[in-house]
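FYI, it's all coordinate maths here, none of it is from the lab. From a predicted model like this one, the values you see are computed outputs, not experimental measurements. Here the Cβ is made from the backbone with ideal geometry for all residues, glycine too, and neighbour counts use every protein chain on show.
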Amino acid sequence: MRILTICLFVLFCAACGDRPSAAKAPSVLDGVLASGVVRIGVKADSPPFGVERNGVRYGFDIDIAQALARRLGVEPEFVSVTSAERIPKLVAGEVHLVVASMTQTRARERQVDFSVAYFEDGPAILTKCDSGIEGYVALGGRRVGVAAGSTTAAALATVAPEAMLVEVPAIKDLLPALEAGTVEAVASDYLILLGLAKASGHADAYAVPGGRIVSEPYGIALPQDQSAWRDAVNSALMAMWEDGEWARICDAWFGPASNLPADIRFALPTIPR
Ligand code: GLU
């Protein structure tokens, strides 16, 4: 009797089809299109990618996010995220995507999905001009500030394993730590460091010795298993690349007449229509 009951239960479960854990998540694309609003996680403290000052947001990522929303035909609603908050807020469904100087890594791929790369930059260090630190080798035994939840610490470990890393909560805390003397150098992505120095109003007081440790692709982070949503985002990015909008945005932030002229050699990977 007991065996019969178990057999019947197994047959019943099989007839029910999908197990509850395999239930399909609601489509993020459908939800966004139906509501007409896309919630986008962006930085508020990472010039020139995402800045918020006096309630106004600006930066390369803000422009990319705005162009993306327009191409999807919806209104963007921006939500500030620190480096450490990007994945938790996305996984919790508080934002539909994250456009926040975010490196696509294989470790992060285990928790979230990524669009095609839409930019690239890489970790570097910033010091005070008079620090005497001329490159990564000099970091041995010195305190170096890094923002929590960023790829920076892992990259630094490859070139300066003897550096003593001091984690600060967010990118906005890097320069204050350097100014307070808590650390002797700070590390983040190269263009962010230049942006922070510029925004401080006394960029001449700082140096970025050593260049980028490595080049890392920036991706737009998306929830896992939302293929239609990722396709829509990728299509919009590729269209921006093809019709020149990406180049106009890049020129506005990094071109010769911009605040932060830089040699950008990135090419967005496109696939045929
Ligand atoms: N691109 C790096 C990262 O995603 C550092 C910059 C940042 O944290 O925003 O971790």
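For the chain, modelled as a GNM whose springs connect Cα atoms under 10 angstrom apart, the maximal fluctuation among THR158, THR82, THR127 occurs at THR158. Can you tally the net charge around PRO123? Count Lys and Arg as +1, Asp and Glu as -1, for every other residue whose Cβ sits under 14 Å from the Cβ of PRO123. Value of the local net charge: -3. In straight-distance terms, cross-link reach from LYS198 covers every one of the lysines whose alpha-carbon lies under 19 Å from its own, apart from those fewer than eight places away in the same chain; here that gives LYS43, LYS128, LYS172. Residues whose amide H lies under 5 Å from that of SER83, counting only those 5 or more places away or on a different chain, are ILE171; hydrogens are built 1.01 Å from N in the peptide plane.
Working note: Karplus 6.51/-1.76/1.60 with θ = phi - 60° gives the range 230-235 the couplings 5, 4, 5, 5, 4, 4 Hz, where Gly and Pro are set to x. Treating each Cα of the range 100-231 as one equal point scatterer and applying the Debye formula with no solvent, the log10 of I(q)/I(0) at q = 0.09 Å⁻¹ comes out as -0.27. For VAL116, no residue 5 or more places off, or on another chain, has a built amide H under 5 Å of its own.
About its Cα centre, the chain has a charge dipole of approximately 700 debye under the convention of +1 per Lys or Arg Cβ and -1 per Asp or Glu Cβ, with nothing else charged.
Dividing the Cα radius of gyration by the Kirkwood radius, what Rg/Rh value follows for the range 148-203?
On the way: Rg = 11.2 Å, Rh = 11.9 Å.
That ratio is 0.95, to two decimals.
Per residue, the chain reaches -10000 deg cm²/dmol at 222 nm when only DSSP H runs of four or more residues are counted, each adding -39500 (n - 2.57). Projecting label points 7 angstrom from Cα along Cα→Cβ for ARG212 and VAL37 puts them 3.6 nm apart. Using just the C-alpha positions of the chain as equal point scatterers, what log10 of I(q)/I(0) does the Debye formula give at each q in 0.12, 0.14, 0.15, 0.17 1/Å? Rounded to two decimals, the profile gives -0.75, -0.97, -1.09, -1.33. So if R0 is 22 Å, what FRET efficiency would ARG110 and ALA228 give, r being the distance between their Cβ atoms, rounded to the nearest 0.05? For ARG110 and ALA228, the calculated efficiency is 0.55. Most tightly packed first, judged by the mean number of other beta-carbon atoms within 10 Å of their residues, the peptides 63-70, 225-232 read 63-70, 225-232. Rounded to whole Å, give me the distance from the Cα center of the range 203-251 to that of the range 166-192. The range 203-251 and the range 166-192 have Cα centres spaced 23 Å from each other. Taking amide H positions as modeled 1.01 Å from N, with prolines and chain starts lacking one, the residues under 5 Å from MET164 and 5 or more places away or on another chain are GLY141, ARG142, ARG143, VAL144.
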